[in-house]
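The values are calculated or read from the model by the stated rules, or taken from the named source; none is laboratory data. Predicted, not measured: the structure shown is a model, and the values here were computed from it. FYI the Cβ positions are ideal-geometry reconstructions off the backbone, even for glycines, and counts take in every protein chain you see.
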Amino acid sequence: MPLNIRTYHDLTDADVSGLPEQIGAQRGRVAARLAGVGRVIAVMSGKGGVGKSFVTAHLARALARRGRPVGVLDADLNGPTAAGLLGAGRAALVVEDDAVLPATGTDGVRLVSMDLLLEDGRPLAFRGPAADRFVWRGAMEAAALREFLADVAWGKLDRLLVDLPPGLSRFEELADLLPAPPPAVLTVTIPTLESREAVRRALRAALARGAEVLGVVENMVGSGFAGNAGDALAAEFGVPVLARIPWHPGPDSWDRLAEQL
Amino acid sequence: MKFLCVECDRQMSFEERALPGDGTLAAAFRCPKCGRVVAMLTNPMETQLVASLGVKIGGRTLEEQPLETIRGTVATGRAEAFEEGTGDAGRTAGVTWSAEAQERLGRVPGFVRGMVKKIYAEYARDRGIAVVTPAMMDTARTELGLEGM
């Protein structure tokens with residue numbers, strides 16, 4: 001004889017675990033922490049090796065030099081470079097009450113990066129059952145991203161730049177974690193056809209999430225890379241080429257880019 | 001999640017959480033009518049999945065610590081990555097550590113040690129416990145759901 005089992009909602013006593021409420025509280029914590037941030041900008045490409053982190057760091061410095069408080073969240077958890085690029089060294093992060101104070105880099109840029117937390121030369125590794133690592137590793141990284149957003153005392157910022165790793169998954173996680181609207185997107189490409197193809201996939205994913213694409217930064221221009229990816233992407237997506245960064249850019253390159261953001 | 005005593009058709013009450021070893025997380029529920037107790041056991045992978053969500057089975061009884069998941073689970077974190085600020089030092093003033101508890105705390109990786117120390121000290125303070133001992137640490141670990149700490 002089949003058991004007569006009622007539904008979850010038929011049982012009216014409290015759900016002590018309250019997992020949806022706990023997840024909701026996490027989202028609320030992200031929203032509260034970012035309440036003082038004027039705009040979150042995801043620096044993305046979909047392609048590795050195009051200089052996203054380099055662009056992010058120098059753009060942040062240019063914004064800071066213009067007196068605009070700026071933060072950098074290094075979302076490349078497995079290949080973190082922001083601390084090095086921004087000269088933050090290896091100072092300990094101070095835990096104060098319910099938050100961690102961000103490190104301070106060159107020109108006063110506030111930042112957090114796995115670079116600051118890991119042993120020298122060691123990869124990001126989590127404790128847990130090794131045999132099933134593929135099941136939980138992605139969830140752990142998403143949790144780390146959430147904590148970088150929610151648990152760092154970002155304070156009042158004009159811009160928070162999120163330096164994304166290659167690929168699309170971290171952007172999707174970021175869009176899921178942030179309160180609406182999704183982050184604005186600044187995309188970085190090099191001139192080549194291969195870069196264009198990877199970047200256009202990333203931009204389509206961003207647009208599918210409802211993100212505003214601010215424009216294209218074409219990096220490593222005049223360095224021997226052939227192609228017109230910057231112009232082609234701008235035309236295809238109806239967005240401007242905000243900057244063409246030469247192989248050896250000077251401060252004026254970054255200042256011009258900062259003026260537009 | 002809710003547990004139903006099918007025989008009594010009554011929702012069971014959360015009883016306690018336990019960490020019996022080998023990565024198992026146990027959550028026990030009791031039927032308020034017949035008194036039957038059942039325990040849900042998660043295997044190590046399932047325990048890890050729960051931990052990765054930053055949630056606590058049986059409910060969160062401890063305020064979330066900053067970078068709690070990162071500090072509690074990263075195996076390659078450097079010992080000097082964090083420095084406890086002075087802002088809430090007063091909240092654990094008056095709580096002392098037995099030599100055995102200090103020795104045990106010393107075995108905790110430096111990356112997470114500051115957070116673990118704060119959690120145990122606050123647990124002691126909230127309950128009027130003057131001295132942190134290994135026995136108290138065991139009780140707190142189970143009661144607070146400090147999987148992996």
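Considering only region A:50-76, state which residues are touching a helix residue (DSSP H, G or I) at 6+ places or on another chain (Cβ under 9 Å), of a type outside the set (A, V, I, L, M, F, W, C) and part of a loop (DSSP other than H, G, I, E, B).
Correct list: A:66, A:68, A:69, A:76.
For every residue, the table says whether it meets (1) within 27 Å of residue A:258 (Cβ to Cβ); (2) surrounded by fewer than 18 Cβ atoms within 10 Å (Cβ to Cβ); (3) within 14 Å of chain B (Cβ to nearest Cβ).
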{"position": "A:144", "(1), (2), (3)": "no, no, yes"}
{"position": "A:148", "(1), (2), (3)": "yes, no, yes"}
{"position": "A:161", "(1), (2), (3)": "yes, no, no"}
{"position": "A:164", "(1), (2), (3)": "yes, no, no"}
{"position": "A:167", "(1), (2), (3)": "yes, yes, no"}
{"position": "A:180", "(1), (2), (3)": "yes, yes, no"}
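Return the only residue of A:106, A:81 being under 17 Å from the mean Cα position of the chain (by Cα) and among the β-branched types (Val, Ile, Thr).
Exactly one of A:106, A:81 is under 17 Å from the mean Cα position of the chain (by Cα) and among the β-branched types (Val, Ile, Thr), namely A:81.
Considering region A:195-212 alone, what residues qualify as being surrounded by fewer than 19 Cβ atoms within 10 Å (Cβ to Cβ) and either touching a Pro at 6+ places or on another chain (Cβ under 7 Å) or in a strand (DSSP E or B) (or both)?
Answer for region A:195-212, where residues must be surrounded by fewer than 19 Cβ atoms within 10 Å (Cβ to Cβ) and either touching a Pro at 6+ places or on another chain (Cβ under 7 Å) or in a strand (DSSP E or B) (or both): A:209, A:210.
If residue B:31 satisfies every condition in (1) crowded, with 18+ Cβ neighbours inside 10 Å; (2) under 20 Å from residue A:7 (Cα atoms); (3) at the interface with chain A (Cβ under 9 Å from one of its Cβ atoms) but one, which is the exception?
Single failed check for residue B:31: (3).
Take residue B:135 and decide whether it is surrounded by 18 or more Cβ atoms within 10 Å (Cβ to Cβ) and either facing chain A (nearest Cβ under 8 Å) or assigned to a helix (DSSP H, G or I) (or both). Before you say what the answer is, go through the steps one by one.
Working: surrounded by 18 or more Cβ atoms within 10 Å (Cβ to Cβ): no; either facing chain A (nearest Cβ under 8 Å) or assigned to a helix (DSSP H, G or I) (or both): yes.
Spelling it out, it is not the case that residue B:135 is surrounded by 18 or more Cβ atoms within 10 Å (Cβ to Cβ) and either facing chain A (nearest Cβ under 8 Å) or assigned to a helix (DSSP H, G or I) (or both).
Just give me the residues in region B:21-66 being touching a residue at least 40 places away in the same chain (Cβ under 8 Å) and either among the hydrophobic types (A, V, I, L, M, F, W, C) or not in a loop (DSSP other than H, G, I, E, B) (or both), in sequence order.
B:25, B:47, B:50, B:51, B:57, B:62
Is it the case that region A:119-137 has a residue that's buried (at least 20 other Cβ atoms within 10 Å of the Cβ) and not hydrophobic (A, V, I, L, M, F, W, C)?
Yes, region A:119-137 has at least one match.
Might you let me know whether region B:124-133 holds any residue that is more than 22 Å from residue B:49 (Cα to Cα), within 10 Å of the chain's Cα centre (by Cα) and assigned by TED's automatic domain parsing to the domain that holds residue B:67?
The answer is no; no qualifying residue exists.
For residues in region A:106-129 being touching a helix residue (DSSP H, G or I) at 6+ places or on another chain (Cβ under 7 Å), small (Gly, Ala, Ser) and in a loop (DSSP other than H, G, I, E, B), which is nearest to the other protein chains (Cβ to nearest Cβ)?
Out of the qualifying residues, it is A:128.
In region B:43-78, which residues are out of contact with any helix residue (DSSP H, G or I) (no Cβ under 6 Å at 6 or more places or on another chain), farther than 17 Å from residue B:144 by Cα and either more than 11 Å from chain A (Cβ to nearest Cβ) or surrounded by fewer than 19 Cβ atoms within 10 Å (Cβ to Cβ) (or both)?
Answer for region B:43-78, where residues must be out of contact with any helix residue (DSSP H, G or I) (no Cβ under 6 Å at 6 or more places or on another chain), farther than 17 Å from residue B:144 by Cα and either more than 11 Å from chain A (Cβ to nearest Cβ) or surrounded by fewer than 19 Cβ atoms within 10 Å (Cβ to Cβ) (or both): B:43, B:44, B:46, B:75, B:76, B:78.
Among what's in region A:77-105 and is part of a helix (DSSP H, G or I) and closer than 25 Å to residue A:137 by Cβ, pick the residue that is nearest to the other protein chains (Cβ to nearest Cβ).
Per the stated criteria, the residue is A:83.
What's the number of the only condition in (1) more than 9 Å from every other protein chain (Cβ to nearest Cβ); (2) assigned to a helix (DSSP H, G or I); (3) not polar (S, T, N, Q) that residue A:29 fails to meet?
(1)
Does at least one position in region B:4-20 carry a residue that is free of Cβ contacts under 8 Å to residues at least 60 places away in the same chain, within 21 Å of residue A:22 (Cβ to Cβ), polar (S, T, N, Q) and in contact with a Pro (Cβ under 7 Å, 6 or more places away or on another chain)? Lay out the reasoning, then the answer.
From region B:4-20, those free of Cβ contacts under 8 Å to residues at least 60 places away in the same chain are B:4-15, B:20; that's our starting set.
Now drop any that are not within 21 Å of residue A:22 (Cβ to Cβ), which leaves B:11-15.
Narrowing the set further to residues that are polar (S, T, N, Q) leaves B:11, B:13.
If we keep only those that are in contact with a Pro (Cβ under 7 Å, 6 or more places away or on another chain) too, we end up with B:13.
Taking every residue of region B:4-20 in turn, at least one turns out to be free of Cβ contacts under 8 Å to residues at least 60 places away in the same chain, within 21 Å of residue A:22 (Cβ to Cβ), polar (S, T, N, Q) and in contact with a Pro (Cβ under 7 Å, 6 or more places away or on another chain).
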